[in-house]
Structures are given as structure tokens and as C-alpha cells.
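Visitor: Handing you a structure now.
Just so you know, all these numbers are worked out from the coordinates, no wet-lab data involved. Everything quoted here is computed from the prediction, not taken from an experiment. When we count neighbours, we look across all protein chains shown, and the Cβ atoms used for this are built from the backbone with ideal geometry, even at glycine.
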Amino acid sequence: MRRFDGKVAIVTGAGNGLGEAYAKAFATEGASVVVADVDTGAAGRVVGEITSAGGSALDVTVDVADEAAVAGMVAACVETYGGVDILVNNAGLLHGKWNTCVELPAADWRRIFDVNVISHVVTAAACRDSMRARGGGSIVNISSTAAYTPSATAYGVSKVAVNGMTMALAVELAPDGIRVNALAPGMTDTPINRTRRPREIIEQVLGQQLVKRMGEMSELASMLLYLCSDEAAFITGQTFLVDGGACRRF
């Protein structure tokens, strides 16, 4: 038996990078996976690779800031697989330059919070009835080490909100048997970091870490699978840093 045989997982922003790694990890462990992404082609490619490897997956095009689209995503999941057990709120928007809180237009702030924060509440609400009917479930919101650094960015501020919202949802959904946690990745060896992140920024972050290398996507996926598994049945309302020791806190 694999850890997630018979389980159904929705992963948003699963068309590339860490979201893709998360979706494939669930499929490898037996889950049926809804690969949700605003990029239709990317989601379809990931589904094709999962099914070619013997897994079960469904691609859904969704802008997580669109409530109707989120409702359609969950409806497609329930129609195809019978319900939802796991939700990974991975979709996110990195917008604006470093140290530009005041300079960033209000419309951009609203878009960032719509995608990075409010969408997590919307998706959780959309999955709640199905999870409750199936005896409970697990939700993991993807935060970031940006929530713990002093740089003034709308992205970092949004991730602080994600951490607080995770605790609030954990309290509200506990009576339904739904656990809610957050995962905060550090500098990870993703395609975007390999091709678009300035090397001096990477070196600066690595210099702050105790483990002097970028994290592997498989290492983040392993932590995610643990949080969604029965092994973590006593864990809820927490944010877990997986960052090579970059953020050190009590």
C-alpha cells in the first residue's frame, strides 16, 4: 500500500516548478491528482507525464482569484474522483520589486492578495463540504521564507498573511476533521531559480543558511507528503520552514 492510495489531492499552480513536483509526488504515492493551473498547456503536460507513469490525474484550468473558476475546479474533481481529501494551495504571484511597498500601486497589492491569500480561503471553503463528508482532510498552504525576512515586499507581506490565515483556518475547520498547515520553502533548486534568479541573490541567501546549498524540490515534496499523511494526524495550525536553517527562530 502506498501512503495515498484511494486519496484525492488538488494542487494549484501545479503546471511547473514546485507545484509540479508536489503533484507528481502525490501521484507516485497513489493519489489521484487534480493538476490545477492558469496555464492550460502546462497543466496538460504534467497530467500527461503522470498518466504515462501509471498515475491518475486530471488537468483543470483555473485562476484561483476567480471564485467561480475555483468552484468549477472542485466540482470537476468531485465529478471525476468522488471527492477531495487533500488541498495544496501552491498557486502564488510574485509581483513588484524589492523594497517597494509604498511605490507599488494599490491595484497590484489587491491582485497579490487575491492570488496569494484570499484564494486560499476560497479554495478551502469550496473543498470543505467534500472533505467533511469523507471524514476530514488536510490543507497545506504554501508560504515562504519571505515572511520572515526584513525586505519590504508585497509578496513577503502576503506570506505573513498566509501564516496567520493558516492558524485561523485550522481553528475553524478542526470540528470538520480538517487539518490546516503551511509549508515555507527556502531557496530551492527550481527552474525559475536556475534560469531567472540573479546568482548574487542566490549566494546571499546561501550565505545565511546553515546548509550551504539550495534545497531540492524532492525535499520540499517529502515534507508536504508528510504533512498530508496520517503520520501527521496530530499536527495542525503550524507553519514549517524548510530552508536549510536560513530563518532561525524560537
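Visitor: What is the mean projected area of the alpha carbon convex hull for region 123-189, to one decimal in square nanometres?
Guide: If I average the Cα hull's projected area over directions, I get 5.2 nm².
Visitor: Have a look at ASN181, ASN16, ASN89 and tell me which one the Gaussian network model of the chain (Cα, springs below 10 Å) gives the largest fluctuation.
Guide: Fluctuation is largest for ASN16.
Visitor: So, one more: How big is the dipole moment of region 8-242 about its Cα centre under a simple scheme where the beta carbon of each Lys and Arg is +1, that of each Asp and Glu is -1, and everything else is neutral? Debye, nearest 20, please.
Guide: Using Cβ point charges on Lys, Arg, Asp and Glu, region 8-242 gives about 540 debye.
Visitor: So, with +1 on the Cβ of K and R and -1 on the Cβ of D and E, and no other charges, what is the size of the charge dipole of region 108-228 about its Cα centre, to the nearest 20 debye?
Guide: Details: 13 positive and 10 negative charges, 27 e Å.
The dipole of region 108-228 has a size of about 140 debye.
Visitor: For the chain, with the dipole built from +1 on Lys and Arg beta-carbon atoms and -1 on Asp and Glu ones, taken about the Cα centre, which of SER138, THR100, MET165 lies farthest toward the positive end?
Guide: The one lying farthest along the dipole's positive direction is THR100.
Visitor: Please list, by residue number, every one of the trypsin sites (Lys or Arg not before Pro) in region 136-244 that is coil in DSSP and has at most 16 other beta-carbon atoms within 10 Å.
Guide: Here the sparse-neighbourhood loop sites are ARG196, LYS212, ARG213.
Visitor: Please give me, ordered by residue number, the trypsin sites (Lys or Arg not before Pro) of region 53-137 that lie in loop per DSSP and have at most 12 other Cβ atoms within 10 Å. Before the final figure, lay out the partial values.
Guide: Values: sites: LYS97, ARG110, ARG111, ARG128, ARG132, ARG134; in loops: LYS97, ARG134.
Those that pass, being in a loop and sparsely packed, are LYS97.
Visitor: Testing the spin-label approximation: label points 7 Å from Cα along Cα→Cβ at LEU206 and ARG194. State their distance in nm.
Guide: Simple spin-label model gives 1.5 nm for this pair.
Visitor: Given H placed 1.01 Å from N in the peptide plane, which residues other than close sequence neighbours of SER56 have an amide H under 5 Å from its amide H?
Guide: Answer set, sorted by chain and number: VAL33.
Visitor: Restricting the calculation to Cα positions, tell me the Rg (one decimal) and the Dmax (whole number) of region 8-242 in Å.
Guide: Answer for region 8-242, Rg first and Dmax second: 16.9, 50 Å.
Visitor: Against the longest principal axis of the chain, how steep is helix 40-52, in degrees 0 to 90 to the nearest 10, with axes from Cα atoms?
Guide: With both axes taken from Cα atoms, the answer is about 60 degrees.
Visitor: Taking loop as defined by DSSP and a crowding limit of 12 other beta carbons within 10 Å, which trypsin sites (Lys or Arg not before Pro) in region 1-44 fit? Each step should come with its number before you reach the end.
Guide: Numbers: sites: ARG2, ARG3, LYS7, LYS24; in loops: ARG2, ARG3, LYS7.
Here the sparse-neighbourhood loop sites are ARG2.
Visitor: Can you give me the C-alpha center-to-center distance between region 173-250 and region 1-35, rounded to a whole angstrom?
Guide: Centre-to-centre (Cα) distance: 17 Å.
Visitor: Of the peptides 231-241, 54-64, 73-83, how do they stack up when ordered by the mean number of other Cβ atoms within 10 Å, highest first?
Guide: For the peptides 231-241, 54-64, 73-83, the packing ranking is 54-64, 73-83, 231-241.
Visitor: Right, something else. Net charge near ALA65, counting Lys/Arg +1 and Asp/Glu -1 over other residues with Cβ under 10 Å of its Cβ?
Guide: Computed value for this residue: -2.
Visitor: Here's another thing I want to ask about it. Which value in deg cm²/dmol, rounded to the nearest 500, describes the helix-derived mean residue ellipticity at 222 nm for the chain, given -39,500 (n - 2.57) per DSSP H run of n ≥ 4 and division by the residue count?
Guide: -13500 deg cm²/dmol
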